[in-house]
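One structure is given below, encoded as structure tokens.
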Amino acid sequence: MHFSVYGQSQHPCLVFLHGFLGSGSDWQAQIAELSQHYYCVTVDIAGHGMSGQQRLKSRNAFKDFSHQLSACLKRLKITHYCLIGYSLGGRLALQHALLAPKGINQLIIESANTGLSDEDARQQRLVHDNRWADRWLKEPLDGLLNEWYQQTVFANLCQAQRQLLIQRRKQQDRQGIAATLRATSLGLQQDLRKQLGQLKMPLDFIGGSLDNKYQALAKQLQQDSPRLNCHSIEGAGHNCHFEQPTLFLDLLSSVLNNHREENDSN
């Protein structure tokens, strides 16, 4: 699994996980600033970026990824870290935190679904994702990417933002993308909402003020887990760190600083 590091290894470590169709380079706007004070690690999830030829075990992809991430951090001799994940990366981060909490100082998830409780909804989502996976293997890439970013969840993107994302995603490995979509479908993910209370580390959820679906999810999560801190990025939809990079960086820095101050006071 490909990774990149930025900053000095003696600084507190931040590990970043991108969303579907992305890569570790998606976090560059934030890392340019954060790497002055943190040791930043970006990971290319299997099937994406420089990990395009890698595959997750489809029967238990979330556990498989957790093992891969642990191996990556061990190779880097990282024993304590804050894990930050967006969308797919947030779902993987949450599952990793529940499977391997040792070493995680803080978990920050951005616009990440904690899972579906309704079995019919899970089956519908599985069918939906498998159809998309089939299309990634067969249809012209330009048309697919344009249609993907026309989905409701990306409705708040302006035309320039949408075109920029499409240009960035053209280099992805089709087979890798399709395989990861099948393996990590929301229809296969456990419903983790009730398990949030098991997490002992600080847990923060970041969502865009314009993303009604995930604003509603944040409220539900906070009712189930009072320890969860929810934050909203004004003027952002689903992809907060891309749509409002400066506001996201300011909020992320504040969340990280608050946690460090709490640790120092203890």
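Below is a table of values for the structure above.
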read-out: Packing-based ranking, highest mean first, of 48-54, 3-9 given that Cβ atoms within 10 Å are counted; value: 48-54, 3-9
read-out: Assigned charges on the beta-carbon of Lys, Arg, Asp, Glu; the stretch 133-186 dipole about Cα centre (debye); value: 100 debye
read-out: Hydrodynamic radius of the stretch 40-167 per Kirkwood, over alpha carbon pairs, in Å; value: 16.7 Å
read-out: Unit charges at the beta carbon, dipole of the stretch 1-122: most positive-side option, 93, 24, 60; value: 60
read-out: The chain, relative contact order [Cα under 8 Å, separation at least 6], %; value: 20 percent
read-out: Where only C-alpha atoms are counted, convex hull volume of the stretch 154-238 per residue in Å³; value: 132 Å³
read-out: Packing-based ranking, highest mean first, of 221-230, 118-127 given that Cβ atoms within 10 Å are counted; value: 221-230, 118-127
read-out: Amide proton proximity set for residue 14, modelled H, under 5 Å, gap of 5+; value: 39, 40, 41, 82
read-out: Dipole-positive endmost among 177, 151, 257 within the stretch 139-266 (Cβ charges, Cα centre); value: 177
read-out: Cβ-Cβ FRET estimate between residue 120 and residue 151, R0 fixed at 22 Å, reported to 0.05; value: 0.60
read-out: Ellipsoid equivalent to the stretch 1-82 - semi-axes via the Cα gyration tensor, in Å; value: 22, 15, 9
read-out: Top positive-direction residue, dipole computed over the stretch 26-165 with Cβ charges, set 80, 123, 49; value: 80
read-out: Value of [θ]222 nm, deg cm²/dmol, for the chain, DSSP H segments ≥ 4, -39500 (n - 2.57) each, nearest 500; value: -14000 deg cm²/dmol
read-out: The stretch 152-201, Rg to Rh (Cα coordinates; Rh as Kirkwood inverse mean 1/r); value: 1.14
read-out: Debye, to nearest 20: dipole size of the stretch 149-266, +1 on Lys, Arg Cβ, -1 on Asp, Glu Cβ; value: 620 debye
read-out: The stretch 109-266: equivalent-ellipsoid semi-axes (sqrt of 5 x gyration tensor eigenvalues, Cα, Å); value: 30, 21, 14
read-out: Net lengthening on full extension, residue 139/residue 227 (0.36 nm per residue, minus Cα-Cα); value: 27.2 nm
read-out: Entries of 102/200; 63/138; 63/102 with Cα pairs more than 18 Å apart; value: 63/138
read-out: Length gained when the stretch residue 220-residue 163 is fully extended (0.36 nm per residue, less Cα-Cα span); value: 17.2 nm
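Values in this text are rule-based calculations from the coordinates and carry no lab data. Keep in mind the model is a prediction, meaning the values are calculated, not measured. With ideal geometry, Cβ positions are generated from the backbone for all residues, glycine too; neighbour counts draw on all protein chains shown.
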